[in-house]
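Data block below; observations after.
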Amino acid sequence: MRLIEEATVLEHVAFGGGYRRIVFRAPNISRAAAPGQFVHVRIPQLSREALRRPFSIYRADGDELHVMYKPVGRGTHVMEHAHRGDVYSLIGPLGHGFSAEDRDTLPVCVAGGYGVAPLSFLAKRMRRKGVVFIGARAAPDILCTDDFASVGWDVHVATEDGSLGERGLITDALDRWIATRPAGPTPEIFACGPEGLMRALTLRAEKHGWQAWLSLDRPMGCGIGACLSCVQRLRGPDGKEYWARCCTEGPVFAARELVWEHA
Amino acid sequence: MSKAPDMAVTIAGIRMKNPVLLASGTCGYGPEYADLIDLNALGGITVKGILAVPWEGNTPIRLTETPAGLLNAIGLQNPGMEKFISEYMPFLRRHQTAVIVNIWGRTMEEYGEVAARFDDVEGVHALELNISCPNLKAGGMEFGTDPKTAAQVISLVRKRTRLPLIPKLSPTVHAIAQFARVAEESGADAISLINSVPAMVIDVERRRPVLSNGVGGLTGAAIRPIAVRLVWQAARAVKIPIIGMGGISCGRDALEFLIAGASAVAVGTATFLDPGTALRVVSEIETYLQKHNLASVRDVIGTLEVS
């Protein structure tokens, strides 16, 4: 069930690195939200002709719905000026997210930058404890490590400049862990981040025969499956390729179904 | 408080409870928006373009924002008529709203084939004939920019269906009045005006078009004045009713079209921002009619005064 809700801004804080967290009072959407889903946000100060903007849900606690973002485009630069008490129209919870259900696998989350937000929500909702790999350019871009540590997850960090954790790409840290990990349950990957990382994880999941769930980001229009803008090429179980909507069948897809190179 | 104005209109023989529809391509096949708006409160819904067979559409990027609207090149992706009929028509039939099916073909014959297939499908009130999509290399707009070809395709489809026929015309033609007359003479029961306007946005860093298709169709507020002018010119040229569309986001926008001569309007791009736009347009038209002591929405249609 998709809901539309007039949500009041309860809190809006900057927390270093240019990242911000906005907390909405959105009781109906919050209670229906699952990890990996998103909300489609109408930014009231933006022009009447602008589209809504999709944001991953970072946290859904009771009435509160948290979104994490960085001002990078026209919409988020305007949203940066949101104040407590402002009212935003939210549509959500939207899309097909990650499954937090119990399984016999070891959950391995891999995040690039603020792609960590929906994974933090996932770790909170999972009963199992897993391993998380958080990578970014530099120390201020590493977020949410405490979210995982506080629920007993094994946290690995890598930065490209070496200012925090291991130096290098997060996939390097992941590969070292793969090479040296003790025997145990089969890893299952849950990831969100830049497309390059998603492609790299697709290859690793394929190589090891692991299930991997990747959250993708595409330019989005309606957010509810009507406009067919945000499509991603998939290969179904019958081998046939087709366009799936990131807003509806996604944003989380099984890596084994993704078709990255489409002529 | 005066009596609520009569909002009913009859277009191409279809009685609609009010003159506000959802425009093709912006409301999917119906269920997409059903959680968010009451489809029964609409005059009608025009579903996204249907072809005889499933169609893939264009490679992304398919959509980008512009200063006053959207540029899209979806490329008419659709599941094909059989899947549409089996998966979506049962849903649409359960609703008390006019269902207009937008159809297209890659060849003349295919237009006829799709039209004929819908002839005995229960719950379809009319066919909107897309002869003006800017995002298709073969078919689409090439049928709508030459009057002779337009006449041929409309006449051919007319012979294949008893359903009311509503060609959707291109805004790019030199003389819209001529095309409107061609549509009327070829058997159209109404005309939809306008389709999106061919346009382009360039990524200057990459020196490439933003859309993978290169060119797309512009919609939204940017095209509204273009659409109003075309509706006005077409309305003076023909007796059949016109469904006006292009950048409508409030009652006053819709009233421009009605005053210019449209008998109904469709809301498109604005639904993406506010799913309730069409229903708000209905109530804002009602408020206008009450304020101007007009008993019926029909009293405002085609009332433009030009000195």
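The values are calculated or read from the model by the stated rules, or taken from the named source; none is laboratory data. Note that this is a predicted model, so its numbers are computed, not measured. Using ideal geometry, Cβ is built from the backbone for each residue, glycine included, and neighbour counts are taken over all protein chains shown. Keep in mind that these areas ignore ligands, DNA and RNA; they rest on the heavy atoms of the full protein, side chains included. Shrake-Rupley method; radii C 1.70, N 1.55, O 1.52, S 1.80 Å.
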Problem set entry | All positions within the stretch A:86-112 that are in contact with a strand residue (DSSP E or B) (Cβ under 6 Å, 6 or more places away or on another chain), in a loop (DSSP other than H, G, I, E, B) and open to solvent by 30 Å² or more (accessible area, probe 1.4 Å) | A:86, A:105
Exercise. Only one residue in B:106, B:117 is in a helix (DSSP H, G or I), surrounded by 16 or more Cβ atoms within 10 Å (Cβ to Cβ) and basic (Lys, Arg). Which one?
Worked result: B:117
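Filter the stretch A:54-76 down to the residues that are within 14 Å of another protein chain (Cβ to nearest Cβ) and surrounded by 21 or more Cβ atoms within 10 Å (Cβ to Cβ), then identify the one that is farthest from residue A:124 (Cα to Cα). It would help to see each step written out before you state the result.
Here is the first cut: in the stretch A:54-76, the ones within 14 Å of another protein chain (Cβ to nearest Cβ) are A:54, A:73-76.
In the following step, the residues that additionally are surrounded by 21 or more Cβ atoms within 10 Å (Cβ to Cβ) were identified as A:54, A:75.
Numbers: A:54: 22, A:75: 29 Å.
Top of the filtered list is A:75.
Sort through A:170, A:189 and tell me the only one that's open to solvent by 10 Å² or more (accessible area, probe 1.4 Å), more than 14 Å from chain B (Cβ to nearest Cβ), farther than 26 Å from residue B:273 by Cα and in contact (Cβ under 8 Å) with a residue 60 or more places away in the chain.
Numbers: A:189 fails: open to solvent by 10 Å² or more (accessible area, probe 1.4 Å).
Of A:170, A:189, the one residue that is open to solvent by 10 Å² or more (accessible area, probe 1.4 Å), more than 14 Å from chain B (Cβ to nearest Cβ), farther than 26 Å from residue B:273 by Cα and in contact (Cβ under 8 Å) with a residue 60 or more places away in the chain is A:170.
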Problem set entry | Residue under evaluation residue A:221, criteria (1) within 9 Å of chain B (Cβ to nearest Cβ); (2) closer than 27 Å to residue A:113 by Cα; (3) assigned to a strand (DSSP E or B), criterion not met | (3)
For this session: Restrict the check to the stretch A:71-87 and report whether at least one residue is under 18 Å from the mean Cα position of the chain (by Cα) and of a type in the set (D, E, K, R).
Result: no
Seminar exercise, completed: Residues of the stretch B:59-103 being buried (at least 24 other Cβ atoms within 10 Å of the Cβ), within 30 Å of residue A:46 (Cβ to Cβ) and among the β-branched types (Val, Ile, Thr), in sequence order, are B:74
For this session: Could you look through the stretch B:6-27, keep only residues that are buried (at least 22 other Cβ atoms within 10 Å of the Cβ) and in a loop (DSSP other than H, G, I, E, B), and pick out the one that is modelled with the lowest pLDDT?
Result: B:12
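Filter the strands (runs of 3 or more DSSP E) completely within the stretch B:191-307 down to those with at least 2 residues that are surrounded by fewer than 23 Cβ atoms within 10 Å (Cβ to Cβ), more than 14 Å from chain A (Cβ to nearest Cβ) and of a type outside the set (A, V, I, L, M).
Working: elements: B:191-193, B:197-199, B:216-219, B:242-245, B:264-267.
Qualifying strands (runs of 3 or more DSSP E): none found.
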Exercise. What do you reckon, is residue B:186 hydroxyl-bearing (Ser, Thr, Tyr), within 14 Å of chain A (Cβ to nearest Cβ), buried (at least 18 other Cβ atoms within 10 Å of the Cβ) and over 26 Å from residue B:303 (Cβ atoms)?
Worked result: no
For this session: Check the stretch A:4-21 and report whether any residue there is basic (Lys, Arg), open to solvent by 50 Å² or more (accessible area, probe 1.4 Å) and out of contact with any helix residue (DSSP H, G or I) (no Cβ under 6 Å at 6 or more places or on another chain).
Result: yes
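What tally of residues in the stretch B:50-60 results from selecting those that are within 11 Å of chain A (Cβ to nearest Cβ) and in a strand (DSSP E or B)? Reasoning before the result, please.
So in the stretch B:50-60, the residues within 11 Å of chain A (Cβ to nearest Cβ) come out as B:54-60.
Now restrict to residues that are in a strand (DSSP E or B): B:55.
Adding up the residues that qualify gives 1.
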Exercise. For residue B:45, all conditions in the list (1) closer than 19 Å to residue B:193 by Cα; (2) out of contact with any helix residue (DSSP H, G or I) (no Cβ under 7 Å at 6 or more places or on another chain); (3) more than 8 Å from every other protein chain (Cβ to nearest Cβ) hold save one; what is the number of the exception?
Worked result: (2)
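Being open to solvent by less than 40 Å² (accessible area, probe 1.4 Å) and under 12 Å from the mean Cα position of the chain (by Cα) narrows it down to one of A:115, A:130, so name that one.
Working: A:130 fails: under 12 Å from the mean Cα position of the chain (by Cα).
Just a single option satisfies the conditions, and that option is A:115.
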For this session: Restricting attention to the stretch A:30-53, report how many residues are away from chain B (no Cβ under 12 Å), in contact (Cβ under 8 Å) with a residue 40 or more places away in the chain and open to solvent by less than 20 Å² (accessible area, probe 1.4 Å).
Result: 5
Exercise. Based on what the data block shows, is residue A:141 surrounded by fewer than 16 Cβ atoms within 10 Å (Cβ to Cβ) and not assigned by TED's automatic domain parsing to the domain that holds residue A:21?
Worked result: no
Problem set entry | Residue satisfying condition, being within 14 Å of chain A (Cβ to nearest Cβ) and of a type in the set (Asp, Glu), within set B:119, B:38 | B:38
